[in-house]
Each structure stands twice: as structure tokens, then as C-alpha cells.
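Working notes, structure below.
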There are 2 protein chains.
Amino acid sequence: MRMATKEKQEKQEKAKAAAVQLKVPKGTRDWTGADSIIRDSIFQTVTDVFRRHGAVALDTPVFELKEVLAGKYGEDSRLIYDLADQGGELCALRYDLTVPFARWLAMNKVQQFRRYHIAKVYRRDQPAVARGRMREFYQCDFDIAGQYDRMIPDAEILRVVHEVFAALQQDIVVKLNHRQILDGIFAVSGVPDDKIRTISSAVDKLDKLPWAEVRKEMVEEKGLAEVVADQIGDYVKHSGDIATVVALLRADARLAADPNIQQGVADMELLATYLDAFGVPSSQISFDLSLCRGLDYYTGLIFEVIVRPTAEEAEEASAQDRKKSKSKSKAAEEPQVGSIAAGGRYDNLVGMYGKTQIPCVGISFGVDRIFTILKARREKEAGRQRVRETDVYVMAFGAGAGFTGLLTERMRIARRLWDAGIKAEFVAKTKPRLPQQFKAAEDVPLGVILGEDELAQGQVRLKMLGTGAAGEADEKDRGQLVAEEDLAAEIKKLLI
Amino acid sequence: MRMATKEKQEKQEKAKAAAVQLKVPKGTRDWTGADSIIRDSIFQTVTDVFRRHGAVALDTPVFELKEVLAGKYGEDSRLIYDLADQGGELCALRYDLTVPFARWLAMNKVQQFRRYHIAKVYRRDQPAVARGRMREFYQCDFDIAGQYDRMIPDAEILRVVHEVFAALQQDIVVKLNHRQILDGIFAVSGVPDDKIRTISSAVDKLDKLPWAEVRKEMVEEKGLAEVVADQIGDYVKHSGDIATVVALLRADARLAADPNIQQGVADMELLATYLDAFGVPSSQISFDLSLCRGLDYYTGLIFEVIVRPTAEEAEEASAQDRKKSKSKSKAAEEPQVGSIAAGGRYDNLVGMYGKTQIPCVGISFGVDRIFTILKARREKEAGRQRVRETDVYVMAFGAGAGFTGLLTERMRIARRLWDAGIKAEFVAKTKPRLPQQFKAAEDVPLGVILGEDELAQGQVRLKMLGTGAAGEADEKDRGQLVAEEDLAAEIKKLLI
């Protein structure tokens, strides 16, 4: 008995090993049907805006030499996907579209360029599918490279953000900060130079963690003096419109004396002027001193775009703000929706590859998160969405022993429609039954119905198809007679 | 001295290690500018045709679980790129778009689907960039999955091929064969069952190697009897229109008696009828018994599309044919252009993943090779191609001490144009010189020129820009006066 059980177990295990796991890799997904259509509409919207601002497409390989990616992402480097060493060069999947762009600029010695790039990037992060955080996900990037006067391209990038989300009918807030202002705050607070990046990473978590936990990380994990941490906490809690926060920075004598802060404040004031000229409403802008952005390569303006909280959410958040100094706020349990676009200025990245520095500023739109929001909205609004675009279904009428199926005739008519650029299908069976044909045509607006008698007269029947349920009625009403040679023209009239 | 030299060497080596190699991985490339535009036009053409035939987009992850790809590609499996084992699932980059489609069908238990997929695939092959053979390259696939009557979807796939290359104005030949006919030929010739796939791989090389070399591979490497190899050689040399080759197969008593050949011949006759109904010219079709296709998964019709040789090339090829029996033909030194599209029927692939067999037939267009051909043609035809789409350049007129640069005014005008959906740029400098602005506007058709006086009247100047060299003249003729509020409308009139 025991032996038999063991044998059975072994057999089961073998069968299990042989069966291929039918899944996609963790943190990835397939896209098709209505989801594809929503996503393509996002691509189209952002591409239109990018091109309106003079951008040219750039497409780079999905993997780069490992050394090209090395040292660009700080603590996040551990999330890079490596290719196996199968002989030859060592490569890794791209982590973003910014570093490949910098590599391309340096490699081709390009001095000025406005590029857009829509492609997938790869991060070995913990996936959170419901919140739209994946290991493979699309980014849509627009960047302006070149030596220009301060803050002019930066302002245009924010104008691009404004146009994209206006077109997508999203109510947004752009959180802004400036790396030089952050550096000034850290210096004035007393952070040692060699701790600035790691403390910056800690502050960056303030949108997900309460202050108490971030402070703990600074003091206990990163060895910052408590008084320094508290001074940082006091500074970075401020946010508001550009003028208000600039006034705050000016009012603090120690900050106002710092040369980094002086430069940053001058930049932010220029930016406010330019955003006004570009018609970007100040209600969309929040100068937020706690915004840090994780990546190493930013040098100036940084920004993140979030969906504007509803009135209720805002009320709750402000309640939390009032409790912020207390040990644990509700924010820890209820993570906010992440940013839907982000970017900033990176003036030194290109110089890491070549002799020439090329200042750059850019934005990356997180398509998967935008998709998650738009999909939820569409599901509220509308019923079933068409997933194929077929306009005409070509069918044969008939049944019984004498029914030939009219296959080559259906083919000939389909060919006539394709030749005219009309989207047409027919059932790929020699003798399809009529209900089968109507079922296959379910979401198609027009039907062309062939019968022996009509064909003998050079005619076919053209008919508007019902919406799914009307199949039965459809079978009785066979539509209007049309001469075969007029068919394409008649259909085009109906499709307008 | 020796020490100093050694130190120097070490220093050089260190410097070498520190400098990042500025290149893309072997066999990959960046795409931008005019190349991007040509490639996008190919994508648009094939997408239009695919949708005309009822296809729906499917997008799958760039990597799959390794076990999903295992055992699908025969000898070519060694060309698969693996991801490094960094913990978690073992994955590999997709090798084609067909296997991911089969995995998706099985995973989602889809019974019928027409899908298209345009994406990059990865092969660790020896790259030949000039011939368009890359390690990362785009495929454009269209496949019909579902239980249908014989050869109807197969014929539609060939109709799709016809439409795509008609739209791309390419003169093509579609080489056809049938796996069951090949199997019959191998069986009748006396190839042992376990050698059929490997002998098939050898025959597949006949478009690149002369017969003598293929024969040598069969006999010396693969241990086939000489008489068997010669019999195969005698059969597979035939090609021509479907009716001619079918007649040949019927005329050979041993072949005509083989059940695989009988099925294959019946299929090819049906196909000829359907291609006629679909209006695919028989001049585009060549039934070629030497066509094998390397991949394991094909089960029925297989095909490859090549550019039709010019009269000269055809003459040369036929001269080679006459010499074919001799030891070494010219073909070995002068490889022909490879196929620009290929595909076939694969009825058992989906069943490898699940319980249900779903018959499929499909085509894959090799965009990079088509690109290489179209680019060469465009370079012959036309001069410089625009790479950005900007329609209007907004400039400030003025110079000297009193010149303010009119930056926020240029911003305001650009904003007005963007709001109207017009593609506009301006120089991102506070006080740009006029020649600098005209240079930046080089390939832009319209200029809007701002001056203090005109702006005070609510007016600007609108002017057609010269074609590059006319910069000097441009600076003198400042164009027509237009009221600011009429500007967008006036521009739209000019852009039609």
C-alpha cells in the first residue's frame, strides 16, 4: 500500500513538472481588447501634445550595456534586470527612458534635441497590480536637451503636462521643488555632505510615510543628529503656491543667505512668470519642500503630478496634517495613489558619458497608472465597448441540401470591399448556417447578404445590423438590394 | 624604466575601464529622425491592412517564463536571450510573437481570435546590419486562430500579404510549400522518421547554399544515405505555379500514393481557387518544394515572401540554376536578400500548453528588412526629409541695447497657437538674435514675428519662411500684419 501511494505521488509530481505554467511573469501583463484601445488613446493624446511642441521620436534598444546603466539610479540600482551572461557583452534591461536618451545624446554628440519616446521599462520591484505598479510598464517621455536660458524649457515641460492632462480631462496638481533648494535646506540644517543623498531618499518617502517614521529612519538608520532631523522636518513641511513658499524661504535669514537657495529661489520666481505667460493655472501648482525624487541624476527643478484629491480626500489629508507631529498617522495604512507623471532637470547626466555637458529637462508620464484611472472612469460612464473595427460582415443566405455556401462569392465580395479600403469579414466556413453568421457579426454595424438569385442579377442585399439581441429579427429583414458594383460606394455613404 | 612603463600601462588600463563604452549592444540600434518616420509609415500601412481584416491588437510582455519558450524553436533555441537568475522566476526574452500568442490563447481559453502584434523580438544570432539582420528587430504579426474550414484563413493571410505589399509598392513573390507534402517527400525518399526535422533544416538552407553543400550536410553530418539525399534533391528542385507543381506531384506514382501528399495537394488546389477569388495574382505565387522554414511548430501551409528579382537578377539566378549540379555556385559568395515576410499554419502549438487544440495560421512581416528596401528607394527619389512637424516658429524682432527679447510675449503667442492645436516653437533664450531664430526655424514653413510696435497695436507679422538658404532675405521681408486674435485662424488657412 505504502509503495503504491509513493508511486502515485511520484507520478503526480512528474506530471506537474511536465505541465507548463500558463502565466505571464510576475508583475507583467497582456494587453488586448478594450484595455488596448484605452491605452492607445492615451498614447495618441500624449504623442499629439509632444509633437505640437516640436518633439521627434527616438526609439532605443530594450537593453543597454550594463556599464551604461551603472551608477545612475542610486539605491534603486538593485531593481535593474540583468540579461544572463551567454558570452559577449553584459547587458541589462532599461530602467527608464532618460538614461538611454542621455547615452544617445553623448554618443551622437547632439547639442540640442526635443525627443519623445514611448516604450516599456523594467524594474524588479514588488508589484502592486491594483495600484498600477508593474515590473514591466510603459513610460511616455518628453525631454528638451540643450543650452538655453534658465527655466524656459522647464516651464514648457510643465505646459506640456498641463496640455496632456487637459486633453485627458484629468484634474491634477503638479508638486514642484528644486534640488538646489533642498541642498540648501540640508546644508543649513546641518546634514553632513556625504549624507545628503541618503537623507534626501528618506525625505522622499514623506508622501507614503508619516513624519515620525521618516525621522526614525534618519536618526536610527542613517545616524543623523536628532536636532538636525527636526530642523529638516520643520522646513520641509511647507508647501503652497510659488510666491508663498518663496516668501517663506526669504524670511528665514539662514536659508536666505545660502547660495544654493538663492539660485533656487531665483529659478522658482522666473518659473512663476513663465507659467503665467504659458497659461498654466497657478491652482495646478504646489511648491512642496518635501518633494525629493529618488533618482540621483536630478540637479534643478523636480516635479511630480498627482490626481487632485476630491474635497473629501483633501479634508481627510488636512486632518492628518494637523496630526502629523503625533507618532502614527492614518497615512501609513492608507497609501495615496502614486504620481501619474514625474520628472525634472538633469544637467550632468550626459556629461557622465562624454566630454560635453548637455543640460536637459524632461517629463515621464506613467501610462499604466493613467490607464487605471481612465478605465475606472469609462466603466462608470459607458456600456460595452467595441474591440474590433470591422464595419461589414459578408454573409450567405440559404440552407438545406441545395445550399452551396457561396464561399468564393463571399470571398469575391470581401475582396471588393477590401480593395475599397473597407473593413470586412466573413465566416471562414464553406457552408455556414445563418445564425452562426449573425452571431459572428454581433458587434459589426453592416451586413452584406448574398443569395443565389440576387447574385444572378449582379445584386446583393445591404442591411444595418441590429445590436446583438436583434439577431432573430435580422434574419427576417434582408435589407435593401444594391448592385454589386455600387456596393462599396453605398457602404461608404452609410459609414460616414 | 621598466617599472615606469608598467605603471603607465596600468594607468591606461584603469582609465580605459573607467570610461563607459558609448555604444548600443551588438546587433541593436537606435531609431530616430527620417528613419523613424519611414518605419512608422510601415507600421501604419500594415496596421491599416490588419484592421481591415478584423484584427485586434494584442501586446504581451517582452519576456516570458523560460518554460513557455522551451521546445518550440528546434535548433534555434540556442539563440534565445535568457534573463539573469536574480531570484524568482526564470525568464527569457521572446524569440518571436507567435509563441506568446499561443500561450495567450491557451491561458485565456480563447477559441477564435484574429490578432495583430507589432513589437520587437530578440535573437542571439550573428548580426548582419547591412542586410537588415539584427539581434533586436521588429516583427509585425497577423494570425487567425480558430476551427475553420480548410485553407480559407490561409488564403486570407496571403491576401493580407498582397494588400500590404501593394500598399508599400513592393513587387513580391510568395514562395509556398506544405509541411505534409514535405513529410511525404521525405518518407517516399526514404528518410527515417527520426531524421525528418533535421533533414528539413538542411533543405531549408537551399536558398542560401548550393545543392552540393546541402547534400554534403545531409550525408556527412546527418548520416543520410547518398541515394536518399539524391532522391530528395530530385524532388525539391521543382517550383512553379500551383497547378504545375500539383500536376508534377500527381504524375509521380509513389508520391501520389502517399496520404500526406494527397492531403497537401488537395489543400494546395483549394488554395489556388481561394486566391483567385481574393484577387491575389498567380504571378505573385511560386509553389516551391525546397521551402521548408526552420521552425518546428508548422504543420501545414508554409510561406516566405521575397522581393521579386529584377530582370538582371533573374537572368543571373537562372544561369546559376543551370550550374546547380556543379560543385560550387556563385550563390555561396552572393547571398540573396532574405525573406521580408514569412509564416504558415501551426495547428498543434496551442495544444502544447493546454488541453484544447486551436488551429492557427499567421504571417510575420520583417519590418527592418522592408525598411532597408524602402529607405534605399526614398534616398533615390527625394531630397532632405523633414524630421519634425513644427509648423510655426515664433520670433522676436529687434537688436541692440533697447531690445527686450519679448520672451513672455513669445510665450503668450506660442500658448495661443498650442491652445488652437498648432505645432509651434520658439528659441528658449531671453534675448535671441534674429539670425539664430531663423536658423532654428530652418525646416519650419511659417514664422510669426513679434515687434514692440506691432504688439502695442495688438498685431503680429505672419510670414512664409524660405527654404533654408533664404535666411538673409527672410530677415528683410517681415510678412503680413495680422491681429493677434486672428492669428491661429490665419495660420490654419495657410496650413491646409
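Here, region B:175-281 yields an orientationally averaged convex hull projection of 6.8 nm² when only Cα atoms define the hull.
Across region B:135-146, computed HN-Hα scalar couplings (Karplus, 6.51 cos²θ - 1.76 cosθ + 1.60, θ = phi - 60°) run 7, 10, 8, 7, 10, 10, 10, 9, 9, 10, 10, x Hz from first to last residue, x flagging Gly and Pro.
Summarising the label geometry, the points placed 7 Å from Cα in the beta-carbon direction at B:His238 and A:Thr408 lie 2.4 nm from one another. Each Lys and Arg adds +1 at its Cβ and each Asp and Glu adds -1 at its Cβ; summed about the Cα centre, region B:175-281 shows a dipole of about 100 debye. Normalised by 2.2 N^0.38 Å, where N is the number of residues, the C-alpha radius of gyration of region A:101-240 stands at 1.30.
Within region A:32-189, the percentage of alpha carbon pairs spaced more than 24 angstrom apart rounds to 47%.
Starting from the label point of A:Lys222 at 7 Å along Cα→Cβ, the same points in the other copies fall at 6.4 nm, in ascending order. Rounded, prolate or oblate: which fits region B:392-495, taking a ≥ b ≥ c as square roots of the Cα gyration tensor eigenvalues, rounded meaning a/c under 1.5, else prolate when a/b beats b/c? Note, shape of region B:392-495 comes out rounded. Under 1.5 on a/c is rounded, so check that first for region B:153-208, then, if it is not, pick prolate when a/b is larger than b/c and oblate when it is not; a ≥ b ≥ c are the square roots of the alpha carbon gyration tensor eigenvalues. Taking the square roots of the gyration eigenvalues as a ≥ b ≥ c, region B:153-208 is prolate.
Here the Karplus relation 6.51 cos²θ - 1.76 cosθ + 1.60, evaluated at θ = phi - 60°, turns the backbone of region A:488-496 into coupling constants of 4, 5, 4, 5, 4, 4, 6, 7, 5 Hz, with x for every Gly and Pro. Can you give the average number of partner chain beta-carbon atoms within 10 Å of each beta-carbon in peptide B:86-94, as a whole number? That works out to 4 on average. In this structure, A:Gln357 and A:Lys216 have a Cβ-Cβ separation that, at R0 = 35 Å, corresponds to a calculated FRET efficiency of about 0.35.
Inter-chain neighbour count for A:121-129: the average number of beta-carbon atoms from partner chains within 10 Å of each residue's beta-carbon is 1. Taking Cα atoms only, the orientation of helix A:33-52 departs from the longest principal axis of chain A by about 60 degrees. Buried area at the A:B interface is about 7700 square angstrom, summed over both chains, from accessible surfaces computed with a 1.4 angstrom probe. Only DSSP H runs of four or more residues enter the estimate; each adds -39500 (n - 2.57), and after division by the residues of chain A the mean residue ellipticity at 222 nm equals -12500 deg cm²/dmol. Mean per-residue shielding of peptide B:114-120 is 2, counting Cβ atoms of other chains within 10 Å of each Cβ.
DSSP bridge analysis restricted to region B:392-495 gives an antiparallel fraction near 50%, rounded to the nearest 5.
Taking every DSSP bridge with both residues inside the protein assembly as shown, close to 80 percent are antiparallel. In whole percents, the pair-distance distribution calculated for chain A from its alpha-carbon pairs, binned every 20 Å from zero, is 19, 40, 26, 14, 2.
Largest first and in whole Å, the equivalent-ellipsoid semi-axes of the protein assembly as shown read 56, 36, 31, each the square root of five times a Cα gyration tensor eigenvalue.
Relative to the longest principal axis of chain A, what angle (0 to 90°, nearest 10) does the C-alpha long axis of helix A:259-277 take? Its long axis makes an angle of about 40 degrees. For region B:228-292, a crude dipole built from +1 on the beta carbon of Lys and Arg and -1 on the beta carbon of Asp and Glu, taken about the Cα centre, is about 40 debye to the nearest 20. Along the positive direction of the dipole of chain B (beta-carbon charges: Lys, Arg +1; Asp, Glu -1; about the Cα centre), which of B:Leu434, B:Ser77, B:Ile118 reaches farthest? Projecting each Cα onto the dipole axis, the largest value belongs to B:Leu434.
Sorted from nearest, the other copies put their A:Ala166 label points 4.4 nm away, the label point being 7 Å from Cα in the direction of Cβ. The convex hull drawn around the Cα atoms of region A:195-256, when projected onto a plane and averaged over every direction, covers 4.6 nm². Solvent-accessible area per residue in the protein assembly as shown equals 45 Å², computed with a 1.4 angstrom probe and all protein chains kept.
Extension gain for B:Glu485 to B:Ala167 (0.36 nm times residue separation, less C-alpha to C-alpha distance): 110.2 nm.
Burial of accessible area (probe 1.4 Å, heavy atoms of protein chains only) in region A:36-77, relative to its chain alone, reaches at least 30 Å² for A:Arg51, A:Arg52, A:Gly54, A:Val56, A:Ala57, A:Asp59, A:Pro61, A:Val62, A:Phe63, A:Leu65, A:Glu67.
Sorted from shortest to longest, the distances between the A:Gly458 label points of this copy and the other copies are 6.3 nm, with each point 7 Å from Cα along the line through the beta carbon. Each label point was placed 7 Å from the Cα along the Cα-to-Cβ direction; for A:Ala266 and B:Lys375 their separation is 4.5 nm. Between amide H atoms placed 1.01 Å from N, distances below 5 Å from B:His178 occur with B:Ile302, all of them 5 or more places distant or on a separate chain.
Here chain B carries DSSP beta bridges of which approximately 80% are antiparallel, counting only pairs with both residues inside. Each peptide in A:480-492, A:360-372 receives the mean, over its residues, of other Cβ atoms within 10 Å, and ordering these scores from highest gives A:360-372, A:480-492. When a 1.4 Å probe is rolled over the protein heavy atoms, the share of accessible surface on region B:175-281 that falls to carbon and sulfur comes to 51 percent. Any idea what angle helix B:407-419 forms with the longest principal axis of chain B, computed on alpha-carbon atoms, 0 to 90 degrees, nearest 10? That helix lies at roughly 40 degrees to the long axis. Cross-linked pairs A:Lys355/B:Lys375; A:Lys26/B:Lys120; A:Lys26/B:Lys72: Cα-Cα separations exceed 27 Å for A:Lys355/B:Lys375. Chain B versus the axis that turns it onto chain A: the residue with the nearest Cβ and the distance in whole Å amount to B:Ala84, 2. Taking label positions 7 Å along the Cα-Cβ direction at both B:Asp230 and A:Leu455, the computed distance is 5.2 nm, reported to one decimal. Spatially, region A:244-262 and region A:132-169 are offset by 28 Å when compared through their Cα centroids.
The values are calculated or read from the model by the stated rules, or taken from the named source; none is laboratory data. Everything numeric in this text was worked out from a predicted model, so none of it was measured. Counting neighbours? That spans all protein chains shown, and the Cβs are built from the backbone with ideal geometry, glycine included. Note: areas computed on protein heavy atoms with side chains; ligands, DNA, RNA excluded. Shrake-Rupley method; radii C 1.70, N 1.55, O 1.52, S 1.80 Å.
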